[in-house]
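Remarks on the structure that follows.
The values are calculated or read from the model by the stated rules, or taken from the named source; none is laboratory data. Since this is a predicted model, take the numbers as computed values, not measurements. Cβ placement follows ideal geometry from the backbone for every residue including glycine, while neighbour counts extend to all protein chains displayed. Only protein heavy atoms, including side chains, enter the accessible area calculation; ligands, DNA and RNA are left aside. Shrake-Rupley method; radii C 1.70, N 1.55, O 1.52, S 1.80 Å.
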Amino acid sequence: MHKEAATDAATFRLQVKAAPGARYQTESTFDDKSLQRALESAAAGVPYIEPLLPDTTLSYYKKDQTQLLGVTPTGEAVDLAAKQTLQLSSKAQAALREQVRALRAKHYGELLTWEEASLVLPKFSSFTVLDVESGLSFEGQRRAGSHHADVQPLTKADSATLKSIYGGQWSWDRRAVLVKLNGRTLAASMHGMPHGGDGIPGNDFNGHFCIHFLGSVTHGSRSVDPAHQVMVHRAAGLLNDYVSKLSPSALIDVWISGAHQGDLQLLQVTTGQEQALHVRSMRRLSKEQEQDVSQLLQLDTTVDVAMTGARSSAVSTRRVLFHLERATLQDRWFIRSAIIQ
């Protein structure tokens with residue numbers, strides 16, 4: 001926001017994006033002098049303890065200086081530097097909550113089950129697929145798929161855009177996407193690897209790729225793909241909410257997805273800490289039965305993985321020792337350490 005545009009000191013700018021480095025973002029501006037007075041007089045509140053900072057930021061001018069705050073979906077204002085909430089009146093918080101709700105509804109997709117999404121996207125329907133991180137979009141068509149959508153890019157240009165989303169090479173990595181058709185925007189997850197049957201000649205895409213929705217399963221194993229499901233919730237703006245309700249085993253699946261794809265946000269939302277893990281690939285091998293953890297505050301468990309190190313091209317079988325904790329029986333789990341043995 002340029003200083004000339006801020007002639008009214010009560011002009012606010014809201015911006016929302018799925019991850020700090022995402023290029024796809026949605027913005028709005030509004031005026032509210034009473035809200036500015038409330039923000040300027042607000043005392044510091046309780047610490048902000050969520051593992052991810054709010055996806056929505058609020059900026060405005062105060063004495064020719066830009067003020068920048070985070071805003072949660074409930075309308076809490078957060079001092080991003082201090083990671084501390086501000087004490088606002090219920091009226092001011094309600095005003096922020098409504099502005100954030102409207103903006104996030106424009107930015108993210110509807111969370112529909114596969115059965116519902118399948119009706120919105122019938123076979124042979126064409127639609128826009130938008131990647132929520134890069135902001136790149138292309139046109140695709142659902143060709144088949146009974147448990148998720150088997151999709152092909154419509155043209156050579158669409159195939160080229162899909163490939164560029166993955167850095168110029170086809171990939172099985174899962175990405176959060178928005179599927180747009182007939183005025184609807186659906187939260188979904190895709191991979192970018194051509195495989196299986198082909199049906200649109202001349203589009204430079206030898207096969208189809210898959211798009212999953214809430215509760216979609218794979219056609220081979222008929223099981224839910226954890227990496228796709230976490231991306232569906234990212235596309236709906238519900239990543240933190242989703243991960244906060246996961247069992248320890250499911251939380252480990254998200255951590256492995258983050259390690260495999262080099263996704264720092266997934267690593268942070270599972271551990272509560274900013275960290276990086278340098279591997280070229282990682283895949284879970286062991287799938288133990290869910291333990292009864294209802295009365296536990298700590299858990300140690302091991303998971304066998306197939307992984308390729310950062311400086312290696314060979315796949316090796318390794319064991320990862322996870323230590324998980326939660327503060328109370330009502331709180332969410334965090335992975336506090338993950339030691340690759």
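Under 16 Å of direct C-alpha separation, and excluding same-chain neighbours fewer than eight residues apart, residue 91 reaches these aspartates and glutamates: 31, 32, 40, 76. For Cα pairs less than 8 Å apart in space and 6+ apart in sequence, what is the mean separation divided by the residue count of the chain, i.e. the relative contact order in percent? So the answer I get is 11 percent. Taking 0.36 nm per residue of sequence separation and removing the Cα-Cα distance, the residue 290/residue 224 pair yields an extension gain of 22.2 nm.
In the stretch 192-245, the alpha-carbon atoms span a convex hull of 95 Å³ per residue.
Tally up the carbon and sulfur contribution to the accessible surface of the stretch 143-264 as a whole percent, 1.4 Å probe, everything protein left in place. Write down the numbers at each step before the final one.
Details: 2340 of 4430 Å².
Result for the stretch 143-264: 53 percent of the exposed heavy-atom area is carbon or sulfur.
Working note: 222 nm ellipticity from helices only, DSSP H runs with n ≥ 4, each -39,500 (n - 2.57), summed and divided by the residues of the chain, gives -7000 deg cm²/dmol to the nearest 500. With a Förster radius of 30 Å applied to the beta-carbon distance between residue 329 and residue 217, the computed FRET efficiency rounds to 0.45. Which residue, 24, 61, 108, has the most motion in a Gaussian network model of the chain that connects Cα atoms within less than 10 Å? Highest fluctuation among the options: 61. Coupling constants for the stretch 158-168 follow from the phi torsions by the Karplus curve (6.51 cos²θ - 1.76 cosθ + 1.60, θ = phi - 60°), and in residue order they are 5, 4, 5, 5, 4, 5, 5, 4, 9, x, x Hz; glycine and proline get x. Enclosing the Cα atoms of the stretch 136-290 in their convex hull gives a volume equal to 126 cubic angstrom per residue. Computed log10 I(q)/I(0) for the stretch 169-209 at 0.16, 0.26, 0.29 Å⁻¹: -0.53, -0.92, -0.94, from the Debye equation with unit scatterers placed on every C-alpha and solvent omitted.
Amide H contacts of residue 111 (H built 1.01 Å from N, in plane; Pro and chain starts excluded): 187 sit under 5 Å, all sequence-distant by 5 or more or on other chains. Residue 285 contributes about 80 Å² of solvent-accessible surface, heavy atoms of the protein only, 1.4 Å probe.
Which order do the peptides 169-177, 84-92 take when ranked by the mean count of other beta-carbon atoms within 10 Å per residue, highest first?
169-177, 84-92
Annotated for the stretch 100-258: lysine pairs at least 8 residues apart or interchain, Cα distance under 29 Å, count 10.
Any idea what % of Cα-Cα pairs in the stretch 2-134 are farther than 24 Å? Don't skip to the end; give the middle numbers.
Values: 3307 of 8778 pairs.
When all Cα pairs of the stretch 2-134 are counted, 38 percent exceed 24 Å.
In straight-distance terms, cross-link reach from residue 33 covers every one of the aspartates and glutamates whose alpha-carbon lies under 13 Å from its own, apart from those fewer than eight places away in the same chain; here that gives 8. Applying 1/(1 + (r/R0)^6) with r as the Cβ-Cβ distance of residue 283 and residue 204 and R0 = 25 angstrom yields a FRET efficiency of 0.30. The stretch 318-338 and the stretch 131-163 have Cα centres spaced 37 Å apart.
Please compute the length gained on full extension between residue 241 and residue 311, using 0.36 nm multiplied by the number of residues separating them and subtracting their Cα-Cα distance.
Difference between extended and current length: 21.7 nm.
Residue 40 to residue 63: extension gain in nm, 0.36 nm per residue of separation minus the Cα-Cα distance? Before the final figure, lay out the partial values.
Details: separation 23, 0.36 × 23 = 8.28 nm, distance 1.12 nm.
Contour length minus the Cα-Cα distance gives 7.2 nm.
Computed over protein heavy atoms with a 1.4 Å probe, the accessible surface of the stretch 185-276 works out to 33 Å² per residue.
To one decimal place, what Kirkwood hydrodynamic radius in Å is obtained for the chain from all pairs of distinct Cα atoms? Numbers along the way, then the final one.
Values: mean 1/r = 0.0459 Å⁻¹.
The answer is 21.8 Å.
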